[in-house]
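Visitor: Next up is a structure, given as C-alpha cells.
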Amino acid sequence: MIEQLTHLNDCCARENVTVQVLPFSLGAYGTMSGGFTIISYTDPDDPPAVYLDYVAGGAWVENANDVQHFAEMFSEIATSALSTDESADLIRDQAKALG
C-alpha cells in the first residue's frame, strides 16, 4: 500500500495529471458503481463521448444530453473533492503513517 500511495503522490507532481481525493465524509456519489471517462476531440465534427467502465466490460455513451449529464457530474465531484495540493498532502501523510 505504501508503494501505491508513493506512486500516486509522484503522479500528483506531473503537469498532465490531476489527482483529487473525494473524502468518505461526503458520502456516496452516483459514480460509485463504476468509473467513467469523458472523451473530447479537437475536431468540432467529432462530438464528445463518455466511456463507462464496468466490472464485466464497458459501454459508450454518445447521446449529447447524457454526455452533458456526465460532464456536470464530473464538475460537481471535482468541486466537492479536496484541492490538488490538499489531495497530495493527504496521500503523502497516509503513506508516512503506514511506513
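Read-outs: derived from the displayed coordinates by stated rules, not from any lab. All of these numbers come straight from a predicted model, not from anything done at the bench. As a convention, Cβ positions derive from the backbone with ideal geometry for all residues, glycine included, and neighbour counts pool all protein chains shown.
To keep it simple, each residue is scored yes or no on (1) in contact with a helix residue (DSSP H, G or I) (Cβ under 8 Å, 6 or more places away or on another chain); (2) assigned to a helix (DSSP H, G or I); (3) in contact (Cβ under 8 Å) with a residue 12 or more places away in the chain; (4) of a type in the set (D, E, K, R).
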site	(1), (2), (3), (4)
HIS7	no, yes, no, no
ASP10	no, yes, no, yes
VAL19	yes, no, yes, no
THR37	no, no, yes, no
ASP53	no, no, yes, yes
GLY58	no, no, no, no
SER75	no, yes, no, no
THR79	no, yes, no, no
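Visitor: For residues in region 39-51 being part of a loop (DSSP other than H, G, I, E, B) and not β-branched (Val, Ile, Thr), which is farthest from ALA78 (Cα to Cα)? So that I can check it myself, show each step before the final result.
Guide: First pass over region 39-51, keeping only residues part of a loop (DSSP other than H, G, I, E, B): 40-48.
Of the ones still in play, those that are also not β-branched (Val, Ile, Thr) are 40-41, 43-48.
Values: SER40: 18, TYR41: 21, ASP43: 26, PRO44: 25, ASP45: 28, ASP46: 25, PRO47: 22, PRO48: 19 Å.
Among them, the one singled out is ASP45.
Visitor: Quick check on my filter: what residues within region 81-99 are touching a residue at least 12 places away in the same chain (Cβ under 8 Å) and either surrounded by 12 or more Cβ atoms within 10 Å (Cβ to Cβ) or of a type outside the set (Gly, Ala, Ser) (or both)?
Guide: Of region 81-99, the ones touching a residue at least 12 places away in the same chain (Cβ under 8 Å) are 81-84, 86-88, 90-92, 94-95, 98-99.
The answer is ALA81, LEU82, THR84, GLU86, SER87, ALA88, LEU90, ILE91, ARG92, GLN94, ALA95, LEU98.
Visitor: Moving on to the next point. Going through region 40-80 one residue at a time, which ones are under 13 Å from VAL21 (Cα atoms), surrounded by 14 or more Cβ atoms within 10 Å (Cβ to Cβ) and among the small types (Gly, Ala, Ser)?
Guide: Scanning region 40-80 gives no hits.
Visitor: Every residue in region 21-35 that is part of a helix (DSSP H, G or I) and under 17 Å from PHE74 (Cβ atoms), please. Steps first, answer last, please.
Guide: Keep residues of region 21-35 that are part of a helix (DSSP H, G or I), which gives 24-26, 30-33.
Within region 21-35, LEU26, GLY30, THR31, MET32, SER33 meet the criteria.
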